[in-house]
Amino acid sequence: MTPVAQSRSVRLCRALLLGLGLALTNHEAASQTRSPIQFAIAAQPLASALDAYGVTSGLELYYDGDLAVGRRSHAVEGRLVPEDALRDLLIGSGLVARATGPSSFIITLDPSLRSRNASHQSYFAAIQSRVSQVLCAHAETRPGNTDLLLQLWISSAGLVQRAQLLDPPGGEMRESVFAAALRGVPIGAAPPSELPQPVTMAILARAKGEPTGCGGASTTAER
């Protein structure tokens, strides 16, 4: 298992695809209940600014480390709601943040600035549909009360070659359950050329009393 930095700001080694996620609950509304806190983050290289933001806010940020290279943050000063502070910090960077849970965000390129590859988007949807089906078929892998980030490697034959949980709750034993369930699963077609790998999916926790999103409930891709 590749180690992941144990910090509030986790830089993924490859592209983190916001267009892929098991959107099982709306965390956006819940996140708005957070109280304002004091921020004092100067304009600086984006990676260090995000680290500072994570320490101050106590929130987890997931993003491709390459996205921060050569980018600078906007200064954030004053008493602000954490979501507003993060939005201000990213001003002018070409990046946007979206809540993936009650205490976590994914940072990606602003969709309005990103040229979308139609064949990739179609394949991401196929991966999402197939992986959702497989995870829902096993009690041990159905979405629960914890946000998960799952990385997948797809072979040239269109099979899931490898699956890995990032910083899995429950450690390697939990990860092995996901890996065993997904290994060899056919996506239905060979991946398009230059598909960024590994593909990373955000499996969002469900709120208390909310259905799992399995068993007929629709699962939609984040846009």
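The values are calculated or read from the model by the stated rules, or taken from the named source; none is laboratory data. Bear in mind the structure is a predicted one, so any value in this text is a computation, not a measurement. So basically every Cβ, Gly included, is an ideal-geometry build from the backbone, and we count neighbours across all protein chains shown.
I'd like to verify a number: residues in the stretch 103-133 that are at pLDDT 80 or above and either surrounded by 14 or more Cβ atoms within 10 Å (Cβ to Cβ) or of a type in the set (Gly, Ala, Ser) (or both), how many? Lay out the reasoning, then the answer.
We begin by selecting, within the stretch 103-133, every residue at pLDDT 80 or above; these are 103-109, 122-133.
From what's left, either surrounded by 14 or more Cβ atoms within 10 Å (Cβ to Cβ) or of a type in the set (Gly, Ala, Ser) (or both): 103-109, 122-132.
Going through the stretch 103-133 one residue at a time, the tally reaches 18.
Identify the single condition in (1) out of contact with any Gly (no Cβ under 8 Å at 6 or more places or on another chain); (2) modelled with pLDDT under 90 that Ala189 does not satisfy, given that it satisfies every other one.
(1)
Out of the residues in the stretch 68-81 that are surrounded by 21 or more Cβ atoms within 10 Å (Cβ to Cβ) and under 22 Å from the mean Cα position of the chain (by Cα), which is nearest to Leu166 (Cα to Cα)? Can you show your working first?
Step one: list which residues in the stretch 68-81 are surrounded by 21 or more Cβ atoms within 10 Å (Cβ to Cβ), which gives 68, 73, 76.
With the extra rule that they be under 22 Å from the mean Cα position of the chain (by Cα), the set shrinks to 68, 73.
Numbers: Ala68: 20, Ser73: 26 Å.
By that ranking, first place goes to Ala68.
Within the set of pairs 6+ apart or on separate chains, which have a first residue in the stretch 101-112 that is over 12 Å from Tyr62 (Cβ atoms), a second that is aliphatic (A, V, I, L, M), and C-beta atoms under 8 Å apart?
These pairs meet every condition: Pro102/Ala30; Pro102/Ala205; Leu109/Leu67; Leu109/Leu95; Leu109/Val96; Asp110/Leu95; Asp110/Val96; Pro111/Val96.
Identify all residues within the stretch 134-164 that are at pLDDT 90 or above and over 14 Å from Ala179 (Cα atoms); write none if there are none.
Ser155, Ser156, Ala157, Gly158
Taking Leu165 as the residue in question, decide whether it is buried (at least 19 other Cβ atoms within 10 Å of the Cβ), closer than 17 Å to Pro198 by Cβ and touching a residue at least 12 places away in the same chain (Cβ under 8 Å).
Values: buried (at least 19 other Cβ atoms within 10 Å of the Cβ): yes; closer than 17 Å to Pro198 by Cβ: yes; touching a residue at least 12 places away in the same chain (Cβ under 8 Å): yes.
Against the criterion (buried (at least 19 other Cβ atoms within 10 Å of the Cβ), closer than 17 Å to Pro198 by Cβ and touching a residue at least 12 places away in the same chain (Cβ under 8 Å)), Leu165 qualifies.
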